[in-house]
Amino acid sequence: MKEVDFLYGAKAIGEYMGMTSRSVYHAAETGLLPICKVGNRLFARKSTLIAYVKQLEEESLTGLTTSVT
């Protein structure tokens, strides 16, 4: 059985990301995470969240190595 890539609702997104539902709503409102809102529901793709976190990690590591040299 193929795993579903979509997360539906703040609770599911929060459980996946290790966040509270309130933190997910805040992240969605402020654009801190790639989450879309359809009506009153939040949606996110697991693959997009993983790619976004990887990008943040790479940017963080790049910033660390540039500041050290």
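Coordinate-derived values only; no laboratory data. Everything numeric here is computed off the predicted structure, so don't read it as measured data. Reconstructed Cβ throughout: ideal geometry from the backbone, glycine too, with neighbour counts over all protein chains shown.
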### Query
Just for the stretch 1-22: of the residues that are part of a helix (DSSP H, G or I) and among the hydrophobic types (A, V, I, L, M, F, W, C), which one is nearest to Ile50 (Cα to Cα)?
Met17
### Query
Would you pick out the residues in the stretch 23-42 that are farther than 15 Å from Val53 by Cα, without any contact (Cβ under 8 Å) to a residue 12 or more places away in the chain and part of a helix (DSSP H, G or I)?
Ser23, His26, Glu29, Thr30
### Of residues in the stretch 43-68 being charged (D, E, K, R) and part of a helix (DSSP H, G or I), the one nearest to Glu3 (Cα to Cα)
Lys46
### Message
Suppose we filter the stretch 1-27 for residues that are of a type in the set (D, E, K, R) and surrounded by 14 or more Cβ atoms within 10 Å (Cβ to Cβ); how many remain?
### Response
1
